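For reference, the structure is listed below as structure tokens.
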Amino acid sequence: MRIRALIKRIALQLFRDKRTLALLFVAPLLILTLMHFLFTSNEVDSTLGVEGVSNEMMEQWKSNGLDVVSFPKNSDVMKSILEHDLDGYLVVKGPSMTLTLENTDPSSSKGLLAKVQQTLVGYLNGENTSELKTNFVYGSEETTFFDVLSPILVGFFVFFFVFLISGIGLLRERMTGTLEKLLSTPIQRWEIVLGYLIGYGLFAIIQTIIVVTYSVNVLDMILVGSFWHVLVVNVLIALVALSLGILLSSFASSEFQMIQFIPLVIVPQVFFTGIIPVDGMPEWLQGLSKLMPISYGADALKSIMYKGYGLGDVISNLLVLIGFAILFILLNIVALKKHRKN
């Protein structure tokens, strides 16, 4: 009888907590649906630039699923790859053959190399293609997928932990009555938001410095660009996570409810960081990726750490991150209004 009463009490509590019910029954369906569309996306065909190649070879590559673009002789290989968004560029001059791979995605580059070699072997009557020289715009032949993934992971972990700590921290302030006492004073709402942002922001910056320093110097993650540029991007990511965490904590009444935001807010963003190529997603998912702050931060980090870009080259991503931070800060000021009783 007592067990039945306990079960009844738990069931009634859950039925009254609509957010928990949604987390149990709706959130898994949403995430599974998102994963279904992501992992059943169409594969993006590689684009190969060629120079001095016969029409027969070009047709063979096209039949193997490659988009082939012919260029005039003595073209600037690197410039052509970057301007025309090519995955590779093959130059044939007599017996000499040079394939330059863009290598943003090492697995895709290896697939492109295999297709090129397969066709060359056929047209060279089975001769060895050892005369094929391979160059890389980014990385080298030893580059692995983790080298491309590591900048994304650095940004994501900064975002995740800052979001969680700041959200739970402000929630505790509400639960202990500290925030209510502050709101009963003449202090302005924007001053409270700014104070919390700076207070938590100082620790977020320290955490960012530790994560980036450890990743580069201890784990030996690839870093072609400037360490300080990486730090600037991560600080902006932390600012967005900080303002978002504080904002969402306004809608939670317990630490458990704050954690409930993770599968709804954090997990979907993982899929749009570049781990899965966005170009192969359906158009509506590509549009959805533009609403994910972490996607801009991950793209900027990948460009700096792996490609060696500077801040000027990723300024558009940085401006979007700043825009998200300003938006969340303004919403924080509005959200505090419901907690003020006077």
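Just name the residue that is least open to solvent (accessible area, probe 1.4 Å) out of those in region 278-304 that are under 14 Å from Leu321 (Cα atoms) and assigned to a loop (DSSP other than H, G, I, E, B).
Step one: filter region 278-304 for residues under 14 Å from Leu321 (Cα atoms), giving 289-301.
Filter once more, so that each one left must be assigned to a loop (DSSP other than H, G, I, E, B): 290-292.
Numbers: Lys290: 130, Leu291: 116, Met292: 27 Å².
If we take residues in region 278-304 being under 14 Å from Leu321 (Cα atoms) and assigned to a loop (DSSP other than H, G, I, E, B), then Met292 is least open to solvent (accessible area, probe 1.4 Å).
Suppose we keep only residues that are modelled with pLDDT of 80 or more, in contact with a strand residue (DSSP E or B) (Cβ under 7 Å, 6 or more places away or on another chain) and open to solvent by less than 60 Å² (accessible area, probe 1.4 Å) within region 115-144. Which one would you say is nearest to Gly225 (Cα to Cα)?
Val137
Do we have Val320 as part of a helix (DSSP H, G or I), open to solvent by 20 Å² or more (accessible area, probe 1.4 Å) and at pLDDT 85 or above here?
So Val320 fits the description; yes.
List the residue pairs whose Cβ atoms are under 8 Å apart, where the first residue sits in region 68-80 and is basic (Lys, Arg), the second is assigned to a loop (DSSP other than H, G, I, E, B) and open to solvent by less than 90 Å² (accessible area, probe 1.4 Å), and the two are 6 or more positions apart or on different chains.
Pairs found: Lys73/Gly52.
Return the total of residues in region 214-253 being part of a helix (DSSP H, G or I) and within 28 Å of Lys337 (Cβ to Cβ).
Filtering region 214-253 down to residues part of a helix (DSSP H, G or I) leaves 214-218, 227-249.
So of that shortlist, the ones also within 28 Å of Lys337 (Cβ to Cβ) come out as 236-249.
Residues in region 214-253 being part of a helix (DSSP H, G or I) and within 28 Å of Lys337 (Cβ to Cβ): 14 in total.
Scan region 64-74 residue by residue and report those that are at pLDDT below 80 and among the small types (Gly, Ala, Ser). Explain how you work it out, then say what you get.
Taking region 64-74 and keeping what is at pLDDT below 80, we get 64-65, 74.
Within region 64-74, just Gly65 meets the criteria.
Among (1) surrounded by fewer than 13 Cβ atoms within 10 Å (Cβ to Cβ); (2) over 29 Å from Met305 (Cβ atoms), where does Ile198 come up short?
Only one criterion is unmet by Ile198, namely (2).
Among the numbered criteria (1) farther than 27 Å from Thr143 by Cβ; (2) in a helix (DSSP H, G or I), which one does Met78 miss?
Evaluating Met78 over (1) farther than 27 Å from Thr143 by Cβ; (2) in a helix (DSSP H, G or I) leaves (1) as the failure.
Test each condition in (1) more than 22 Å from Ile168 (Cβ to Cβ); (2) under 17 Å from the mean Cα position of the chain (by Cα) for Pro282 and report the one that comes out false.
Failing condition for Pro282: (2).
Out of Ile275, Ile259, report the one residue that is surrounded by fewer than 17 Cβ atoms within 10 Å (Cβ to Cβ), over 14 Å from the mean Cα position of the chain (by Cα), hydrophobic (A, V, I, L, M, F, W, C) and farther than 22 Å from Gly323 by Cα. Can you show your working first?
Details: Ile275 fails: over 14 Å from the mean Cα position of the chain (by Cα).
Matching residue, one of Ile275, Ile259: Ile259.
Condition test on Leu311, is it surrounded by fewer than 23 Cβ atoms within 10 Å (Cβ to Cβ), aliphatic (A, V, I, L, M) and more than 26 Å from Tyr196 (Cβ to Cβ)?
Values: surrounded by fewer than 23 Cβ atoms within 10 Å (Cβ to Cβ): yes; aliphatic (A, V, I, L, M): yes; more than 26 Å from Tyr196 (Cβ to Cβ): yes.
Taking the combined requirement at face value, the residue satisfies it.
Quick check on my filter: what residues within region 201-210 are within 24 Å of Gly312 (Cβ to Cβ) and open to solvent by less than 50 Å² (accessible area, probe 1.4 Å)? Give the steps one after another, and end with the answer.
Pass one, region 201-210, residues within 24 Å of Gly312 (Cβ to Cβ): 205, 208-209.
If the condition is that a residue be within 24 Å of Gly312 (Cβ to Cβ) and open to solvent by less than 50 Å² (accessible area, probe 1.4 Å), then Thr208 is the only one that fits.
Among the residues of region 180-193, are any within 23 Å of Asp299 (Cα to Cα), free of Cβ contacts under 8 Å to residues at least 24 places away in the same chain and either out of contact with any helix residue (DSSP H, G or I) (no Cβ under 8 Å at 6 or more places or on another chain) or hydroxyl-bearing (Ser, Thr, Tyr) (or both)?
No, every residue in region 180-193 fails to be within 23 Å of Asp299 (Cα to Cα), free of Cβ contacts under 8 Å to residues at least 24 places away in the same chain and either out of contact with any helix residue (DSSP H, G or I) (no Cβ under 8 Å at 6 or more places or on another chain) or hydroxyl-bearing (Ser, Thr, Tyr) (or both).
Give me a count of the residues in region 243-256 that are open to solvent by 20 Å² or more (accessible area, probe 1.4 Å), among the polar types (S, T, N, Q) and in contact with a Leu (Cβ under 8 Å, 6 or more places away or on another chain). Please lay out each step first, then the result.
Within region 243-256, the first condition is being open to solvent by 20 Å² or more (accessible area, probe 1.4 Å), and the residues that meet it are 248, 251, 253-256.
From the residues that got through so far, the ones that are among the polar types (S, T, N, Q) too are 253-254.
Imposing the further condition that a residue be in contact with a Leu (Cβ under 8 Å, 6 or more places away or on another chain) reduces the set to 254.
Matching residues across region 243-256 total 1.
How many residues, within region 285-336, are under 15 Å from the mean Cα position of the chain (by Cα) and of a type in the set (D, E, K, R)?
Of the residues in that region, 3 qualify.
Could you list all residues from region 33-52 that are among the hydrophobic types (A, V, I, L, M, F, W, C), surrounded by 12 or more Cβ atoms within 10 Å (Cβ to Cβ) and at pLDDT below 80? Steps first, please.
Here is the first cut: in region 33-52, the ones among the hydrophobic types (A, V, I, L, M, F, W, C) are 34-35, 37-39, 44, 48, 50.
With the extra rule that they be surrounded by 12 or more Cβ atoms within 10 Å (Cβ to Cβ), the set shrinks to 34-35, 37-38, 44, 48, 50.
Passing the criteria: Leu34, Met35, Phe37, Leu38, Val44.
The values are calculated or read from the model by the stated rules, or taken from the named source; none is laboratory data. Everything quoted here is computed from the prediction, not taken from an experiment. We place every Cβ from the backbone using ideal geometry, glycine too, and count neighbours over all the protein chains shown. Keep in mind that these areas ignore ligands, DNA and RNA; they rest on the heavy atoms of the full protein, side chains included. Shrake-Rupley method; radii C 1.70, N 1.55, O 1.52, S 1.80 Å.
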